[in-house]
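Note sheet for the following structure.
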Amino acid sequence: MWFDVDNNVRVEKLVTDESLIKELENRLILTYTTQSRLSAISNWKMLRRYVDGNKESINSFHKIKEISLKMRECLREGELEKFPKVLLEEWELRKRLARGVSNKKIEHIMNSAIEAGAVAN
């Protein structure tokens with residue numbers, strides 16, 4: 001999805017090949033932790049630091065945008081081997097933006113996944 005400055009929203013279908021969709025389904029895991037982490041508060045803190053001109057936050061947001069474009073290209077080109085690396089880069093940057101993005105339970109689940117062979121968390 002693209003959110004334009006004039007409030008237009010554009011949807012871009014990145015993957016149309018059914019075999020690639022199946023491969024993504026086989027590779028990705030979505031985990032429900034049963035634990036609320038109050039993401040609205042974390043999101044507000046991230047935005048606030050950005051608006052206040054915090055250089056680390058601004059740099060992280062710009063890098064996350066670059067990484068998002070890399071992820072988009074990976075999906076468009078069907079380069080699933082590169083996808084986990086950029087996904088992990090994004091996650092590490094996002095965690096630095098505000099407390100509460102992750103927590104001990106999420107980190108435990110992610111570390112367990114890596115120990116079990118996952119290449120990104």
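So is Glu23 of a type in the set (D, E, K, R), out of contact with any Ser or Thr (no Cβ under 9 Å at 6 or more places or on another chain) and touching a residue at least 40 places away in the same chain (Cβ under 8 Å) or not? Considered against the rule, which asks whether it is of a type in the set (D, E, K, R), out of contact with any Ser or Thr (no Cβ under 9 Å at 6 or more places or on another chain) and touching a residue at least 40 places away in the same chain (Cβ under 8 Å), Glu23 comes out as yes. Out of the residues in segment 15-31 meeting the condition of being over 16 Å from the mean Cα position of the chain (by Cα) and part of a loop (DSSP other than H, G, I, E, B), tell me which one is surrounded by the most Cβ atoms within 10 Å (Cβ to Cβ). My answer is Val15. Per the listing Asn54, Asn26, the residue uniquely within 15 Å of Ala98 (Cα to Cα), out of contact with any Leu (no Cβ under 9 Å at 6 or more places or on another chain) and polar (S, T, N, Q) is Asn54. The set of residues in segment 78-120 that are touching an Asp or Glu at 6+ places or on another chain (Cβ under 9 Å) and acidic (Asp, Glu) contains only Glu79.
Among residues of segment 44-75 being in contact (Cβ under 8 Å) with a residue 40 or more places away in the chain, surrounded by 14 or more Cβ atoms within 10 Å (Cβ to Cβ) and out of contact with any Asp or Glu (no Cβ under 9 Å at 6 or more places or on another chain), the one that is farthest from Lys13 (Cα to Cα) is Lys45. Among all positions in segment 16-32, there is no residue which is modelled with pLDDT under 95 and over 26 Å from Lys85 (Cβ atoms).
The values are calculated or read from the model by the stated rules, or taken from the named source; none is laboratory data. If you're wondering where the values come from, they're calculated on a predicted model, not measured in any experiment. Quick reminder, even Gly has a Cβ in these numbers, built from the backbone with ideal geometry, and neighbours come from all protein chains shown.
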